[in-house]
Structures are given as structure tokens and as C-alpha cells.
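Novice: First, the structure itself, so that you have it in front of you.
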Amino acid sequence: MQSLSEDERREILRVARESLVEATTHGRLMQPFPQDGIFRRRAGVFVTLHRKGKLRGCIGVIQPREGLGESVVRAALGAALEDPRFCKMLPEELEEVQIEVSLLSEMERTIPEAIQMGRDGLLIESGLQRGLLLPQVAVEHRLTREQFLDETCHKAGLQRGAWKDPATKIYRFSCEIIAEKYQEKSPRIRLDSRAE
């Protein structure tokens, strides 16, 4: 995916924030889905929520069947209300939550030695089981390459070390990351954009 303009980044964050408000306040998807410009593209997308520096929810789609507008709206609702690791987000949390949107490149089959830490995210598949970790996870948790592979296997419900099995498929991808920058009392849309 080609790099986004500042205006496109702001629009994506605006849509994600409005979707979050609609999801937490009314428990529904924001509609109509945005369909103009950047929102016509198709790309894997994850919406990650942080509250006071801690993960509050993360949901996304790897291979979307719809445009980016619908994917962002659905992922924002999912991160707020459907991540099984967390209780549903409440409207009073909105002011303290920062949004990070990760746009995924195409998946590329790879081998462990070719993985570049900090740049590559991982998708591991074995049979019907699969798990994905975004590139920033390895950086934030200071993982080694083997630890990153092990944690992705764990996310897939596989044994750590399952990546060594020749039947296990390993894919890598990169992300363009668009994030709100947290400001005390006002997490409104200030960009902290990174292309990873």
C-alpha cells in the first residue's frame, strides 16, 4: 500500500474515533460507511485501543471483503465491544482512550531468518489455526525473533516452537501505523504517524 497523505491519516483517525463514539454510546456501527477516496481501497486493518498506556482492545481484518471505510468502522466497534480479553468499553472511557490504526501490506510467505524485527508483523498458520501479531508488538515487548515467532504461535493456539514444523506456514507483512498522540485531558486527533 502506498504511503498515505496527512489528510488521509486524519480522515482515518476521525472515522475510527466517530465509530468508537457510536459503538460505546449506542452499541451500533456508524453508518453510512465512508466510501470516498482512501476509503474505497481494500487493505487489512487493525484498530488498537490504549487507555493510560495499556492495551484496551485490538480487533482487525486480515483479508477484507469490503472497502477500508467499512473495515475501519467494524474494527473500531470490535476493539471497543468484542475483544474477548476485555469487558465492553464504556462511554466515560472515551476521553482516556487513544486510537491506533494499522494498515497491513500484502502477506508474503517467509522463513524465520528473513524476518526483520520492528518492520515485519507475523501471521502463522497450521491447519485451521492461525495467529497474527503486529510489528509494533515485538518492539513494545522487546522480543527476540524466536520469542516473536513463539508468541505468534501462542496467539494461534499452537505450541510455542510450532513455527519450526515444516507444515506450519509463516507470513510476514508491514504496517502503516496511524495513531492519536495522547495529551493529558485531550486525546483528540493529533497524529503520530509511522510507516513500519
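Novice: Output the residue which, of all residues in the stretch 166-196 that are among the acidic types (Asp, Glu) and touching a Leu at 6+ places or on another chain (Cβ under 9 Å), is modelled with the lowest pLDDT. So that I can check it myself, show each step before the final result.
Specialist: To start, the set of residues in the stretch 166-196 that are among the acidic types (Asp, Glu) comprises 176, 180, 184, 192, 196.
Restricting the remaining residues to those that are touching a Leu at 6+ places or on another chain (Cβ under 9 Å) gives 176, 180, 196.
Values: Glu176: 95, Glu180: 92, Glu196: 42.
Looking at the filtered set, the residue picked out is Glu196.
Novice: Suppose we keep only residues that are within 19 Å of Cys87 (Cα to Cα), buried (at least 21 other Cβ atoms within 10 Å of the Cβ) and of a type outside the set (S, T, N, Q) within the stretch 44-54. Which one would you say is farthest from the chain's Cα centre (by Cα)?
Specialist: My answer is Leu49.
Novice: A further question on this structure: Taking into account only those residues within the stretch 28-43 that are of a type in the set (A, V, I, L, M, F, W, C) and part of a loop (DSSP other than H, G, I, E, B), which is nearest to the chain's Cα centre (by Cα)?
Specialist: It comes out as Ala43.
Novice: Please find, among Leu134, Leu90, the residue that is modelled with pLDDT of 95 or more, within 22 Å of Lys181 (Cα to Cα) and assigned by TED's automatic domain parsing to the domain that holds Lys54.
Specialist: On inspection, the qualifying residue turns out to be Leu90.
Novice: Just to check your reading of the model, which residue among Ala75, Ala23 is over 12 Å from the mean Cα position of the chain (by Cα) and either at pLDDT 95 or above or of a type in the set (A, V, I, L, M) (or both)?
Specialist: None of the other options fit; the residue is Ala23.
Novice: How do the strands (runs of 3 or more DSSP E) wholly within the stretch 54-158 filter down when requiring 2 or more residues that are small (Gly, Ala, Ser), more than 30 Å from His26 (Cβ to Cβ) and in contact (Cβ under 8 Å) with a residue 40 or more places away in the chain: which remain? Quick ask: steps written out before the conclusion?
Specialist: Working: elements: 54-61, 97-104, 121-126, 129-133.
Once the strands (runs of 3 or more DSSP E) in the stretch 54-158 are filtered for at least 2 residues that are small (Gly, Ala, Ser), more than 30 Å from His26 (Cβ to Cβ) and in contact (Cβ under 8 Å) with a residue 40 or more places away in the chain, what remains is 121-126.
Novice: Same structure again: May I ask you to list pairs of residues, at least six apart or on different chains, whose Cβ atoms are under 6 Å apart, with the first in the stretch 166-189 being closer than 27 Å to Ser3 by Cβ and part of a strand (DSSP E or B) and the second being among the aromatic types (Phe, Trp, Tyr) and at pLDDT below 95?
Specialist: Once the first residue is closer than 27 Å to Ser3 by Cβ and part of a strand (DSSP E or B) and sits in the stretch 166-189, no partner that is among the aromatic types (Phe, Trp, Tyr) and at pLDDT below 95 comes close enough.
The values are calculated or read from the model by the stated rules, or taken from the named source; none is laboratory data. Just so you know, these numbers come straight off a predicted model, no measurement behind them. Here the Cβ is made from the backbone with ideal geometry for all residues, glycine too, and neighbour counts use every protein chain on show.
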